[in-house]
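The next block holds one structure in the form of structure tokens; read it before the comments.
The values are calculated or read from the model by the stated rules, or taken from the named source; none is laboratory data. Remember, predicted model here, so these are calculated numbers, not experimental data. Every residue, glycine as well, gets a Cβ built from its backbone with ideal geometry; the counts of neighbours run over all protein chains shown. The accessibility values were calculated without ligands, DNA or RNA, using every heavy atom of the protein model including side chains. Shrake-Rupley method; radii C 1.70, N 1.55, O 1.52, S 1.80 Å.
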Amino acid sequence: MLYGIVAATTALLLTAVLAVLLRAPALRLGLLDRRQRQRRVPLSGGAAVVLATCLVVAAGEWTGYAPLRDGMGVLLAAAAGVAALGLAADLWRLKTWLLALGTAIAAAFVVPYDDTGAAEGAVAVCWIACVALAFRALDHADGVAGTVGVVTAFGVGACVAAEVMDGLAVLLSVLAAALTGFLMHNWPPARVALGGCGSLFAGFVLAAAAVSARAGQEAATGAAVLFALTAVAVADVALVLLARRVAGRPLTRGGRDHLAHRLRRLGLTPQGVTIVIGVAAFAGVLVGVLVHSGWADAHAVLWVAGVTSLVVLGLWRVPVYGRAGEGRWAEGRPADGASRRAGGIGVRRAGRGLVRRADEADAPRAGQGVVRRADEVDARRAGEAEVRRAGEVPGRGGQRPRRQPVSAVSPPRSSAETVVRTARRLDSSQVSGPLRVRNG
């Protein structure tokens with residue numbers, strides 16, 4: 001007991017220190033989280049968890065305080081191999097089927113076939129690989145994978161302790177402490193991330209330990225317990241597969257459509273999302289531990305399955321993909337600088353087109369106004385001419401107005417000529433000016 005406390009404390013502090021020390025090399029090597037973030041987040045947390053867990057467990061074996069039991073060395077070596085595979089995926093983006101194949105091969109070495117049999121052992125291999133990949137998918141938001149990993153490690157550790165597997169219980173306590181030290185740097189906003197290295201390692205160890213704890217017992221109850229212990233990871237995978245299948249998107253393509261993303265769309269803060277998912281994981285783990293210990297009936301897992309189904313169907317209705325043709329906004333991400341600049345240029349060009357169309361629509365109206373004003377000017381001049389002709393009639397006193405010689409009287413301008421000249425003058429002064437100003 002005393003060594004377990006010392007080992008857990010050492011793993012916690014060692015992970016917290018290694019996560020900081022490995023941060024600079026991760027930045028230098030380009031080992032960064034490739035999710036859409038506003039800052040660079042190195043994947044040094046996963047390597048710190050793996051190193052701290054392996055070093056503390058190896059120290060217990062070397063000192064003799066906590067020697068590795070039968071199968072423990074194989075489990076730790078297989079988990080280290082899976083962690084190396086996850087590190088390669090972080091560096092070179094390996095295909096998902098390669099990760100699944102490599103994890104399944106490693107799981108084939110840790111399943112206790114003497115207790116499970118060949119058929120159940122094959123199912124256990126597939127289940128371990130799926131849980132490891134599900135934990136990798138949980139690393140889609142700050143603090144989520146670490147929180148779920150800590151809660152699940154305590155639950156599986158309780159199940160292992162009930163079966164008196166002391167070496168495996170120490171390994172799980174060390175893993176839980178290492179993940180807690182990692183959470184000191186991964187709590188939102190995260191400074192380091194877990195990555196495929198740490199998430200595959202944690203999921204593999206937890207799934208393999210749970211299979212070892214349930215080996216040799218009733219298969220139906222064992223399946224129910226395993227599901228309850230990993231209900232959150234199963235819900236996240238089921239939600240993503242359902243949403244992508246219905247939307248016609250590639251199943252292995254990354255996107256912002258996981259549990260945390262949908263909860264964020266509902267208005268929760270990053271810290272609130274982590275707490276909600278952690279509470280959900282604790283509820284499922286508690287039911288699994290109670291059923292495994294015999295303190296609750298196996299039918300209690302049906303409540304976990306029902307709530308999980310309702311959560312998946314409810315969050316599936318939360319829009320995360322957007323409408324067709326929305327570009328990067330379809331994933332809930334803002335457009336990049338090039339898109340914003342292209343949008344601004346399009347708006348300016350559209351504005352100029354509207355101005356040109358407005359000028360074209362305004363020009364006929366201006367011409368009609370010019371014609372009307374020209375008609376008014378011509379009417380006034382015609383009235384003045386009538387007045388002048390009326391003035392030639394003899395007025396009072398019998399005096400006739402003095403007549404001018406015919407050569408001195410200028411012939412009146414025709415109305416057509418007057419309209420044309422007036423229209424040209426007014427059009428030049430009233431239409432061309434605004435058009436030049438508007439068109440720049």
- [ ] Find all pairs meeting these conditions: Cβ atoms under 6 angstrom apart; at least six residues apart or on different chains; first residue within the stretch 88-112 and touching a residue at least 24 places away in the same chain (Cβ under 8 Å) and of a type in the set (Phe, Trp, Tyr); second residue open to solvent by 40 Å² or more (accessible area, probe 1.4 Å) and in a helix (DSSP H, G or I).
- [x] Phe109/Val74
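Taking the stated definitions as given, is Leu98 out of contact with any Pro (no Cβ under 6 Å at 6 or more places or on another chain), at pLDDT below 95 and either open to solvent by less than 60 Å² (accessible area, probe 1.4 Å) or of a type in the set (Asp, Glu) (or both)?
On the way: out of contact with any Pro (no Cβ under 6 Å at 6 or more places or on another chain): yes; at pLDDT below 95: yes; either open to solvent by less than 60 Å² (accessible area, probe 1.4 Å) or of a type in the set (Asp, Glu) (or both): no.
No, not satisfied.
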Task: Single unsatisfied condition, Leu32 versus (1) in contact with a Leu (Cβ under 6 Å, 6 or more places away or on another chain); (2) free of Cβ contacts under 8 Å to residues at least 24 places away in the same chain; (3) open to solvent by less than 40 Å² (accessible area, probe 1.4 Å) - done: (1)
Task: Matching residues, the stretch 178-209, being part of a helix (DSSP H, G or I), open to solvent by less than 10 Å² (accessible area, probe 1.4 Å) and among the aliphatic types (A, V, I, L, M) - done: Ala178, Leu179, Leu200, Ala202, Val205, Leu206, Ala207, Ala208, Ala209
- [ ] Could you please tell me which pairs satisfy a Cβ distance under 7 Å, a separation of 6+ or placement on different chains, a first residue in the stretch 45-72 that is touching a residue at least 24 places away in the same chain (Cβ under 8 Å), and a second residue that is in a loop (DSSP other than H, G, I, E, B) and open to solvent by 30 Å² or more (accessible area, probe 1.4 Å)?
- [x] Ala47/Leu22; Ala48/Leu22
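Here's a check for you: in the stretch 241-261, which residue that is in contact with a Lys or Arg (Cβ under 9 Å, 6 or more places away or on another chain) and basic (Lys, Arg) is surrounded by the fewest Cβ atoms within 10 Å (Cβ to Cβ)?
Going residue by residue through the stretch 241-261, those that are in contact with a Lys or Arg (Cβ under 9 Å, 6 or more places away or on another chain) are 243-244, 250-257.
Retained after the next criterion (residues that are basic (Lys, Arg)): 244, 253, 256.
Details: Arg244: 17, Arg253: 9, Arg256: 19.
Ranking the candidates gives Arg253 first.
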Open item on the list: Go through the stretch 144-177 and report how many residues are in contact with a Leu (Cβ under 7 Å, 6 or more places away or on another chain) and either hydrophobic (A, V, I, L, M, F, W, C) or open to solvent by less than 10 Å² (accessible area, probe 1.4 Å) (or both).
Closed with: 12
Open item on the list: If I filter the stretch 53-71 down to residues being at pLDDT 85 or above and either assigned to a loop (DSSP other than H, G, I, E, B) or under 25 Å from Leu101 (Cβ atoms) (or both), which single residue comes out as most open to solvent (accessible area, probe 1.4 Å)?
Closed with: Cys54
Task: Residue among Thr116, Thr147 that alone is assigned to a helix (DSSP H, G or I) and over 26 Å from Asp257 (Cβ atoms) - done: Thr116
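Results for (1) assigned to a loop (DSSP other than H, G, I, E, B); (2) in contact (Cβ under 8 Å) with a residue 40 or more places away in the chain; (3) open to solvent by less than 30 Å² (accessible area, probe 1.4 Å); (4) on the phi < 0 side of the Ramachandran plot, shown as yes or no for each residue.
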residue: Leu239; (1), (2), (3), (4): no, yes, yes, yes
residue: Gly272; (1), (2), (3), (4): no, no, yes, yes
residue: Val279; (1), (2), (3), (4): no, no, no, yes
residue: Gly288; (1), (2), (3), (4): no, yes, yes, yes
residue: Ser309; (1), (2), (3), (4): no, no, no, yes
residue: Pro319; (1), (2), (3), (4): yes, yes, no, yes
Open item on the list: Please verify whether Ala283 is at pLDDT 95 or above, open to solvent by less than 30 Å² (accessible area, probe 1.4 Å) and not basic (Lys, Arg), treating the condition exactly as stated.
Closed with: no
